[in-house]
Each structure stands twice: as C-alpha cells, then as structure tokens.
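I have placed the structure first, in the form of structure tokens, so that the comments after it can refer back to it.
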Amino acid sequence: RTHLMNKPMPSLIGHRGLPDLAPENTKSSVVTAAKHGIRWVEIDVTMAGDGSLVIMHDPDLRLFGQAETRLVDIGKSELSSIDAGSWFDSNFTGEPLLFLPELLDLVIGHNLGLNLEIKINPDIDMSLQVKAVYQCLSDFHITAENLLISSFDMAALVELRKLDQNIQIGALAQKIPDQTPSELAFIAPVSIHCDQEHLTQEQAAQLKEQYPLYCYTVNSAEKFAQLLSWGVSGIFCDRAHAEDMIAVLTHS
Ligand code: G3P
Ligand code: MG
C-alpha cells in the first residue's frame, strides 16, 4: 500500500468547524465554515452511554458547565436537550448537539471534506466505539477521497485498519515520538497530525519525506507561514476564514 492521499487535504482546515464564528462541532460551525469557502473541516466524535455517536470533544459535559456529568451515564435523549450554543454566544442559544449521521449528511450536503477525529471515550470499550463509527460511515455514501479518520488512540487506528484496508487514516500525536510507534506500519496512515507547539523544523524536515504533515491548532498567520516553509502540508485553524490566514496561501 502506498501512503499517498487520494486527494490531499487543503492547507487550511477548519478546526471543529469554524469555532471563531460559531460554537465548535455544531451544525452552525460546519455550515459557517462552508459559507466561508473552507473545503475541509476537522470534527470530533465520541460515544455516549447508549452507544450513540455524538459530535463532541470531551467525554463529559464540561463545555456546557456540567463537568461532573459523564457521557457514559447519559444517552441520546439527554444529549438532545442540551443547549450547545449559548455558552458561546446568546445568538446560538438552543443550538443542538449533532450526532454522527447528521454530521455526515451535513458535510455531504455542503460538499465538504471531513477529517473525523475519533475521541475514544475512556469509559467505554474502545473496539466497540471504532466498530460503531465505522458502521455508521459505511451506511453513508461519502466518497473515500473526502474522508480521513484520525485519532490519538493508536490501538483504535489499528482496529479501524483491520476493518478497512483502504480508508484514509491520519495518525495523530501531540508530540512526534523519537521512535516510530510499532503500530504505524500496520496502520499505514496517509498523513501525520501533530501539535504545532512541539514540532521542530528538524522533525518536520524528516517526517515530510515519508508523510504529509498537518499541525493543530494554528491561529497565527506568522506561524502558518513558518510551518509551510518547513514543509508542513497544512494546519487545523479556528479562524480559517480570516484574511491574514488566507493571504499566507496566496503568498507562499
Ligand atoms: O485533530 C486535530 C486536533 O483537533 C486534535 O486536538 O483537542 O483539538 O481535538 P483537539
Ligand atoms: Mg479534534
């Protein structure tokens, strides 16, 4: 198998949608990204106690001021009554949480590429979560080239690769490890994603020979330009619509 992406992700990817303008990981965030001409979004998915796949970053309700409520203890009915918008801005009061099927409908409808990041809920069996996400993806006609799955959980990516030889996988790490993880050859990722904070120019130079490299979360145009000059292929950005970010692309 080659490590080539079918169609590379763009250099500027909306992180959790477009969270500078709309509450992260919601329909408004995705639609706003599309409206601003953003071509790919990175979105987090995790599992609740009843097995439903909800578009959220955390395994609890901390974002909504209820940090003590764990997702494992609730299900779709409780999640459906959450106001996922007013913490961000009163204009978004009543914004509902999305579930994975709705998200897939949305990205297909807006012709967006999707980097779906699986946030393994530590309170639920890992393999069950990977299988459920994969089953849901299989039910949708999302073209393989418009979909890339990533996770910090290497074991989850191994599970996913066992389920599908062809799906595009991005290996996600906060910090690029000194030694290549033993699972990486089996996972055969099309890209590596890492935190820009820890990436050195030397690491970028080495890695880019093997894999396209994407960094999160980059919100400054200067950092974006620097990373591109290091050979980084792209960034996850909270303000991917901003003129100074777009200007980096036209000048690079
Ligand atoms: O997938 C890149 C990035 O989103 C990973 O970190 O915490 O923003 O999901 P986080
Ligand atoms: Mg993420």
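No lab work stands behind these numbers, since they all come straight from the coordinates. Since the structure is predicted, the reported quantities are computational estimates derived from the model, not experimental observations. No Cβ is skipped: glycine too gets one built from the backbone with ideal geometry, and neighbour counts run over all protein chains shown.
Worth pointing out:
- Projecting the alpha carbon convex hull of segment 1-91 along each direction and taking the average yields 7.7 nm².
- Fraction of antiparallel bridges per DSSP, the chain only, in percent to nearest 5: 15 percent
- Peptides 41-47, 246-252 ranked from most to least packed, by the mean per-residue count of other Cβ atoms within 10 Å: 41-47, 246-252.
- Helical runs assigned H by DSSP (4 residues or longer) give the chain a calculated mean residue ellipticity at 222 nm of -8500 deg cm²/dmol, each run adding -39500 (n - 2.57) before division by the residue total.
- Put simply, when 70-78, 125-133 are sorted by average Cβ atoms within 10 angstrom per residue, most first, you get 125-133, 70-78.
- Charged neighbours of residue 41, selected by a Cβ distance under 15 Å, balance to -3 (K, R count +1; D, E count -1).
- In a reduced charge model with +1 at each Lys and Arg Cβ and -1 at each Asp and Glu Cβ, segment 12-251 shows a dipole moment near 500 debye about its Cα centre.
- Set of lysines with alpha-carbon distance to residue 223 below 27 Å, sequence-local pairs under 8 removed: 7, 35, 119, 175, 208
- When the chain is reduced to its Cα atoms, the Kirkwood hydrodynamic radius in Å: 18.4 Å
- Pairwise centroid distance, computed over Cα atoms, of segment 23-92 with segment 220-251, Å: 26 Å
- Cα radius of gyration and Dmax for segment 111-192 (Å): 12.5, 38
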